[in-house]
Amino acid sequence: MNSNRADTSAGEQTEAHPLDQATFREAMSRIAAAVHVVTTDGPAGRMGATVSAVCSVSDDPASVLVCVNRSSRVHAAILENKVFCINTLATAHEDISDVFAGRGNLGMDERFQRTAWTPLATGCPALEDALLSVDCDVHSITEMGSHSVIIGTVADLRMNEPGGSLLYVRRGYHALHG
């Protein structure tokens, strides 16, 4: 077998790629992920950002994690406020995802004015028509490369009626209807 080729489960061969940052980013773009807006509010102010790296950790205690770029404004605000809320977006929320990802260069107040928000137990803004909003107190923070893995214990949550989920894969939005 050629050392520059890798076997696949279907018996086909694909070219091996160097493990560099660009190749890794391309590889990760092929993993479909739900789209969320993480929000925070408190002494550092109200902030939000679009994220995809979210996962449940445990049901006892109820906890979740979110990965946030350490160079982002929302990262500093979460650390100071010590709270965050993960808002899982529905298919109709592409515009909200774009706005909180920084497209359009809107100020933070303008981003929040685009739709309706309700504070949950920690005071963090919850998107009123999100599929799910999980409100958390920061439990721990682990730094890895450019990001922090922030684990939160759940203080409150709100679920809306099921609808289509907004996914991001191959650098584009897709809908998953269940």
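Here are the numbers:
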read-out	value
Evaluation of Ala32 against (1) surrounded by fewer than 15 Cβ atoms within 10 Å (Cβ to Cβ); (2) among the aliphatic types (A, V, I, L, M); (3) out of contact with any strand residue (DSSP E or B) (no Cβ under 8 Å at 6 or more places or on another chain) (one fails), failing number	(3)
Residue that is most open to solvent (accessible area, probe 1.4 Å) [pool: residues in the range 145-178 that are without any contact (Cβ under 8 Å) to a residue 12 or more places away in the chain and on the phi < 0 side of the Ramachandran plot]	Glu161
Considering residues of the range 59-102 that are among the polar types (S, T, N, Q) and farther than 25 Å from Gly164 by Cβ only, the residue most open to solvent (accessible area, probe 1.4 Å)	Ser71
Conditions (1) among the polar types (S, T, N, Q); (2) at pLDDT 95 or above; (3) more than 17 Å from the chain's Cα centre (by Cα): number failed by Asn160	(2)
Test: residue in the range 108-116 that is in contact (Cβ under 8 Å) with a residue 24 or more places away in the chain, under 18 Å from Glu80 (Cα atoms) and crowded, with 17+ Cβ neighbours inside 10 Å	no
Some residue of the range 89-103 being closer than 18 Å to Tyr173 by Cβ, of a type in the set (Asp, Glu) and out of contact with any Lys or Arg (no Cβ under 8 Å at 6 or more places or on another chain)	yes
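The values are calculated or read from the model by the stated rules, or taken from the named source; none is laboratory data. These figures come from a predicted structure and were not determined experimentally. Note that each Cβ is placed from the backbone with ideal geometry, even for glycine, and that neighbours are counted across all protein chains shown. Heads up: the accessible areas ignore ligands, DNA and RNA and are worked out on the full protein's heavy atoms, side chains in. Shrake-Rupley method; radii C 1.70, N 1.55, O 1.52, S 1.80 Å.
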